[in-house]
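Notes follow the structure.
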Amino acid sequence: MSHNPWTDLGPESDFPTTGHTCFDTPDVDGARGTALVIVKNGDTWYALENRCPHAGRPLGDGECAGLTITCPYHGYTYHIKTGKNIDFPEEETPVKTFSIRVEGGNLQVRLTNDEAENS
């Protein structure tokens, strides 16, 4: 039985073409959905967990500039592609990032761990 690892977020046209938006994926089979920050930079979409790894606060409340998002609570800046903390890259845990794509006009995110699926 094949399981589709991609979760539909909705039509690409429903998402802002600049800046960022917060989005909660639906609960599935009793598992709680995932809080995401969706960012479009140029022609590329990015998806990050909407949770600052430093203190667990909503990262999506912060400001996006280029390829960075800044936590409004502590001022830490994270790279939206890699999730790495730009201010303290060796000391701080990165923000969890997810693969995202446009398929048939819909934005989709991959919430599963590729390594776990292949083992």
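Summary of values
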quantity: Highest average packing first - 59-69, 13-23, Cβ atoms within 10 Å; calculated: 59-69, 13-23
quantity: Residue (of G62, T21, P94) at the positive-pole extreme of the chain, dipole from beta-carbon charges; calculated: G62
quantity: Cα convex hull volume per residue for the chain (Å³); calculated: 123 Å³
quantity: Pair C22, D87: separation of 7 Å Cα→Cβ label points (nm); calculated: 2.0 nm
quantity: Peptide ranges 76-83, 94-101 listed from the most packed, as the mean C-beta count within 10 angstrom indicates; calculated: 76-83, 94-101
quantity: Cut-off under 5 Å, modelled amide H: who pairs with N106 long-range; calculated: E12
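Since every read-out is calculated from the coordinates, none of them should be taken as a lab result. The structure presented is a predicted model; accordingly, all values stated were derived computationally and were not measured. Because the Cβ atoms are built from the backbone with ideal geometry, glycine has one as well, and the counts that use them run over all protein chains shown.
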